[in-house]
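*Asks:* Take a look at this one; I'll ask things after.
Taken together, the values in this text are just the output of simple stated rules run on the coordinates, not laboratory data. Being a predicted model, the structure only gives us computed values, none of them experimental. Quick reminder, even Gly has a Cβ in these numbers, built from the backbone with ideal geometry, and neighbours come from all protein chains shown.
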Amino acid sequence: MHLETLQELGLSQNEAKIYEALLGSGETSVPEISAKTQVHKRNIYDTVPRLLNKGLIYQIVGSKEAKYAAVSPDKLSDLIWEKESKLNGILPSLTKQFTKTATGEAVYIYKGKEGFKNYLRDILKVGKDVYFIGAKGGWFDRDLKTFIAEFLNSAKKKHIRYYHIFDHNIKTKAPELLPLLGKPYKFLPPQYSTTGAIDIFGDRIVTFSGLTLKSITEDVMLTVIVNRELADCYRTWFKFMWDHIK
């Protein structure tokens, strides 16, 4: 678990193995590191300079043979901060380039959990109220808990409101969600339950397929349509549904 997370933070597999081994070992020589990690000594000699450059380990001065020790894991936070600072430095230029080539209308597809995160980022970028038809509670997917919490916090700062017409299965098969759902919300009649959903915000319509209750699987597909006139039409249809549902 730790190795996977360390690699997600930007460390190579060997860097993650060596760093974690040193965390629990104190001063350690290359042969000892190799024995603990099953990484060949030649590969350790190649990897150690990269860990030194990243400031994650340091060499023990004065020992007869080269020994190394790990610095505090807090350094990992510094690495993320440094990368974020570098990104923020070039983000305005990248955004400017994107804006020049972006058209007013588009159709594209997101897929799975990462696609779902992109869709949530789009909501924040557009900054408009969101209207949901047939929602299945995908925001309660356990794997997305941390991301959703950050999203909701950012959306609150932008004063984004949500209007839900939930799939009826939320009411009957996931009633524990009801106290957590922000009002206003309504439910589709039971005979209209599906595996799809539609969200509308700003100039965008997002249609979902392959949905299940309280989860976003890698099979979920999100088709995004960017078209102001069509989005206004969908909002009108949403209002009709909202007005006619008890």
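*Asks:* Considering only N14, L3, N43, whose Cα is most displaced toward the positive end of the charge dipole of the stretch 1-67, charges sitting on Cβ of Lys, Arg (+1) and Asp, Glu (-1)?
*Replies:* Ranked along the dipole, the leading option is N43.
*Asks:* Please give the calculated 222 nm ellipticity per residue for the chain, where each DSSP H segment of at least 4 residues contributes -39500 (n - 2.57) and the sum is spread over every residue; nearest 500 deg cm²/dmol?
*Replies:* Helices in the chain give a 222 nm mean residue ellipticity of -15000 deg cm²/dmol.
*Asks:* Please compute, for the alpha-carbon atoms of the chain, the extent along each of the three principal axes and give them in descending order in Å.
*Replies:* Ordered largest first, the chain gives principal extents of 82, 45, 29 Å.
*Asks:* Report, in whole Å, the centroid distance computed from the Cα atoms of the stretch 85-154 and the stretch 1-78.
*Replies:* The two parts, judged by their Cα centres, are 36 Å apart.
*Asks:* On to the next question. At a Cα cut-off below 19 Å, give the lysines reachable from K83, other chains included and same-chain residues fewer than 8 away excluded.
*Replies:* Hits, sequence-local ones excluded: K54, K75.
*Asks:* Go through K125/K171; K86/K136; K157/K183; K145/K186 and tell me which ones have a Cα-Cα distance over 27 Å in this structure.
*Replies:* In this structure, K125/K171; K86/K136 lie more than 27 Å apart at Cα.
*Asks:* Related question: Which residue, D74, D199, D143, tops the fluctuation ranking in a GNM of the chain built on C-alpha contacts under 10 Å?
*Replies:* Looking only at D74, D199, D143, the largest GNM fluctuation is found for D74.
*Asks:* In percent, what relative contact order does the chain have, based on Cα pairs under 8 Å that are 6 or more apart in sequence?
*Replies:* 17 percent
*Asks:* About the Cα centre, and with charges only on the beta carbon of Lys, Arg (+1) and Asp, Glu (-1), how big is the dipole of the chain? Nearest 20 debye, please.
*Replies:* Here the chain has a charge dipole of around 540 debye.
*Asks:* Go through the stretch 199-207 residue by residue and turn each phi into a ³J(HN,Hα) via Karplus (6.51, -1.76, 1.60, θ = phi - 60°); whole Hz please, and just put x for glycine and proline.
*Replies:* These are the phi-based 3J(HN,Hα) values: 10, 10, 7, x, 9, 10, 10, 10, 9 Hz.
*Asks:* Just the C-alpha atoms of the stretch 104-244: what Rg/Rh do they give, with Rh taken as the Kirkwood radius?
*Replies:* Value, to two decimals: 0.93.
*Asks:* Quick check: net charge around K75, other residues with Cβ under 11 Å of its Cβ, Lys/Arg +1 and Asp/Glu -1?
*Replies:* -2
*Asks:* Let me ask something else about it. For helix 112-126, what angle does its Cα long axis make with the longest principal axis of the chain, in degrees from 0 to 90 and rounded to 10?
*Replies:* That helix lies at roughly 70 degrees to the long axis.
*Asks:* Sequence-distant or interchain residues sharing an amide H contact under 5 Å with F187, placed H: which?
*Replies:* Amide H neighbours of F187, under 5 Å, 5+ apart: F166.
*Asks:* Pull out the extension gain between W81 and A106, defined as 0.36 nm times the separation in residues minus the alpha carbon to alpha carbon distance; nm, one decimal.
*Replies:* Between W81 and A106, full extension yields an extra 5.6 nm.
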